[in-house]
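Read-outs: derived from the displayed coordinates by stated rules, not from any lab. Predicted, not measured: the structure shown is a model, and the values here were computed from it. Cβ placement follows ideal geometry from the backbone for every residue including glycine, while neighbour counts extend to all protein chains displayed.
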Amino acid sequence: MQITLIADDGTRHVLDASPGQSLMRAATQAGVEDIAADCGGCLSCATCHVYVDAAWFDRLPPVSADEASMLEMTAAERRPESRLSCEITLTEALDGLVVHLPETQY
Ligand code: FES
């Protein structure tokens, strides 16, 4: 499956990813530096913030209460389409997913 991350400066990262891994893990393993993921995916850092493309947002599982509270901590502006990428588990249904990366994670 393929996912696309678009940086704030327009750089596109098109990655091959595996179902079952998190979007955060797929991005960091591919060396996408705009996702810091300081806590390693344990939902305590908010440095894996992404803006999910409008065409995809409604296809993701809903935001949990814990994710919602961590989304209050993002360095870049929180928007309606904000998610934490460690909380997005990739599935075949998300093949082609597009997310935008915030200007900063700090
Ligand atoms: Fe820390 Fe997602 S990696 S909250």
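As a test of the formula, what do you get for the chain when each DSSP H run with n ≥ 4 contributes -39,500 (n - 2.57) and the sum is divided by the residue count, at 222 nm and rounded to the nearest 500 deg cm²/dmol? Write out the running numbers ahead of the final one.
Numbers: 3 runs with 17 residues, N = 106.
It lands at -3500 deg cm²/dmol.
Only four residue types carry charge here, +1 at the Cβ of Lys and Arg and -1 at the Cβ of Asp and Glu. Report the dipole size of the chain about the Cα centre in Debye, rounded to the nearest 20.
Computed about the Cα centre, the dipole is about 140 debye.
Which value in nm describes the separation of the simple spin-label points at residue 73 and residue 91, placed 7 Å from the Cα toward the beta carbon?
2.7
Go ahead and set up a Gaussian network model of the chain, Cα springs under 10 Å, then flag whichever of 81, 33, 67 fluctuates most.
It is 33.
Starting from the amide H of residue 74, placed 1.01 Å from N in the peptide plane, find each other amide H under 5 Å away whose residue is 5 or more places distant or on another chain.
Result for residue 74 returns nothing.
Tell me, in nm to one decimal, what length is gained between residue 29 and residue 57 on full extension, where the rule is 0.36 nm per residue of separation less the Cα-Cα distance? Let's see the in-between values first.
Values: separation 28, 0.36 × 28 = 10.08 nm, distance 2.31 nm.
Additional length available on full extension: 7.8 nm.
Please quote Rg/Rh for the chain to two decimal places, taking the Kirkwood radius as Rh and restricting both calculations to Cα atoms.
Working: Rg = 12.1 Å, Rh = 13.3 Å.
With Rh from the inverse mean 1/r over Cα pairs, Rg/Rh is 0.91.
How big is the antiparallel share of DSSP beta bridges in the chain, given as a percent to the nearest 5?
Details: 11 of 14 bridges.
The antiparallel proportion sits near 80 percent.
For the charge dipole of the chain, defined by +1 on Lys and Arg C-beta atoms and -1 on Asp and Glu C-beta atoms about the Cα centroid, which residue among 7, 104, 29 has the Cα displaced farthest towards the positive pole?
Positive-most Cα among the choices belongs to 29.
What is the set of long-range amide H partners of residue 47 at a cut-off below 5 Å, with H atoms built 1.01 Å from backbone N?
Residues meeting the amide H criterion: 37, 38, 39.
Give me the extension gain from residue 64 to residue 14: residue separation times 0.36 nm, minus the current Cα-Cα distance, reported in nm with one decimal.
Working: separation 50, 0.36 × 50 = 18.00 nm, distance 2.72 nm.
Answer, rounded to one decimal: 15.3 nm.
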